[in-house]
Amino acid sequence: MDRFTTFGVGGKADIIAYPQDRADLRKIHKLAKEKGVSAFMIGLGSNLLVKDRGIRGVVISLSKGLRTIKTLPGDRLYCEAGLTLAGLAAFAANNGLGGLEFLSGVPGTVGGALRMNAGAFGGEIKDVIEDVSFMNCEGEIKTVYREDVSFSYREMQTGAEDTIISCTLALFKKDIKAIREEMKKIALLRSETQPLNKATAGSVFKNPPGNSAGRLIDEAGLKGVQVGQAKISTKHANFIENLGGASAADIMALMELMKDRVYKKSGISLEAEVKIVGQEDPNKIRVLQ
Ligand code: EPU
């Protein structure tokens, strides 16, 4: 899974499948159900920490299919879950539709962004959603309106067991030049504060209510601290960089250390923002003193 995640760590998956369209996805779900194999969806793997023994069952990546996007009347867009956020933001900009500028530079797919209610610079994907369509393991599709989907900070609560296949976004008319300028500004801000050219999974911890995980980790004096080949970024303390060849165990041990030191200093318990999945390799577990 190191090849399918931006962290660049993780053991093998039993099977990886790339459905090209809904019919493919339906077949994969059906087959997995028949064979009693569990299915795990990924997008671009930009918010995932896969453990060192990898993932049992089939990993389904929408990143090579389900990428249709089109405009709908009334400043709306229809897009499928496998499209990248970069592709979505560019399409909206080219069509003079504002409301997605905050996505500038966020890595991931539309499906992943919905599942995690991706957000940055004051915007969240939930704010522009009109409806979301899901496919269940029987291959049935249902569309749920925004008011019936429950979103919170970095989470979508509805349909956890189903695959997000598409959504409709409600945007607004905006001058193309103004959209591009806003996106450029955001991309610049991001590059000034985050280690973008490094192997990371974005923020490792959620911001505690009214506080900032990055500031708390920084104040605990942890910038630059390293476990194996995993290092706390010196640019932003809530990012862990894989310096090359880190194990998931290195990263998890570093996360434990961050949680522990922050708790001791501030009494605040940090909660992981990256999704941690898969099986641990008992030979790699690290226990820090
Ligand atoms: N700070 C420090 N030291 C650090 C890092 C940050 O003191 O090492 C301070 C900053 O000076 C600032 C505060 O902490 O006063 C907040 O930092 P920043 O503005 O960088 O934002 P953030 O809260 O750390 C959040 C999201 C990011 C998103 C940015 C921009 C979370 C956990 N993180 O970061 O999202 O890009 O805002 O809006 O909500 C992600 O989800 O993966 C992600 C990168």
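The values are calculated or read from the model by the stated rules, or taken from the named source; none is laboratory data. Note that the structure is a prediction, hence the values are computed from the model and not measured. Because the Cβ atoms are built from the backbone with ideal geometry, glycine has one as well, and the counts that use them run over all protein chains shown. Heads up: the accessible areas ignore ligands, DNA and RNA and are worked out on the full protein's heavy atoms, side chains in. Shrake-Rupley method; radii C 1.70, N 1.55, O 1.52, S 1.80 Å.
For the chain, what is the accessible area per residue in Å², given a 1.4 Å probe and the full set of protein chains?
For the chain, the per-residue accessible area is 48 Å².
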Output needed: percent of Cα pairs per 5 Å distance bin for region 63-210, bins running from 0 to the one holding the longest distance. 2, 9, 18, 23, 20, 15, 9, 3, 1, 0
Extension gain (nm, one decimal) between N94 and T68, 0.36 nm per residue minus Cα-Cα: 7.8 nm
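Just order 7-17, 147-157, 102-112, 77-87 by mean Cβ neighbour count inside 10 Å, highest at the front, would you?
Most protected by this proxy first, the peptides run 102-112, 77-87, 7-17, 147-157.
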Carbon/sulfur fraction of accessible area - region 44-191, other protein chains in place, 1.4 Å, %: 53 percent
Give me the dipole magnitude in Debye, nearest 20, for the chain about the Cα centre, with unit charges on the beta carbon: positive for Lys and Arg, negative for Asp and Glu. 580 debye
Expressed in angstrom and rounded, the centroid-to-centroid distance over alpha carbons for region 40-57 and region 227-248 is 18 Å
Separation between the C137 and L188 pseudo-spin-labels, each 7 Å from Cα along Cα→Cβ, expressed in nm? 5.0 nm
Could you order the peptides 113-119, 273-279 from most to least packed, using the average number of other C-beta atoms within 10 Å per residue? 113-119, 273-279
Ranking request for peptides 202-215, 173-186: highest mean number of other beta-carbon atoms within 10 Å first, then the rest in descending order. 202-215, 173-186
Efficiency of FRET between R3 and L196 - r from beta-carbon atoms, R0 30 angstrom, step 0.05: 0.90
Given 0.36 nm per residue, what is the gain on full extension from R180 to E271 after removing their alpha carbon distance, in nm? 29.3 nm
The FRET efficiency for L288 and L31, from their Cβ-Cβ distance with R0 = 51 Å and rounded to 0.05, is 0.75
Among the lysines, which have Cα under 23 Å from the Cα of K51 when same-chain residues fewer than 8 positions away are ignored? K12, K198, K206, K231, K259, K275, K284
Where does region 1-110 land on Rg(C-alpha)/(2.2 N^0.38 Å)? 1.21
Starting from the amide H of I276, placed 1.01 Å from N in the peptide plane, find each other amide H under 5 Å away whose residue is 5 or more places distant or on another chain. L49
Cα-based shape type of region 61-150, given that a ≥ b ≥ c are square roots of the gyration tensor eigenvalues and the cut on a/c is 1.5: rounded
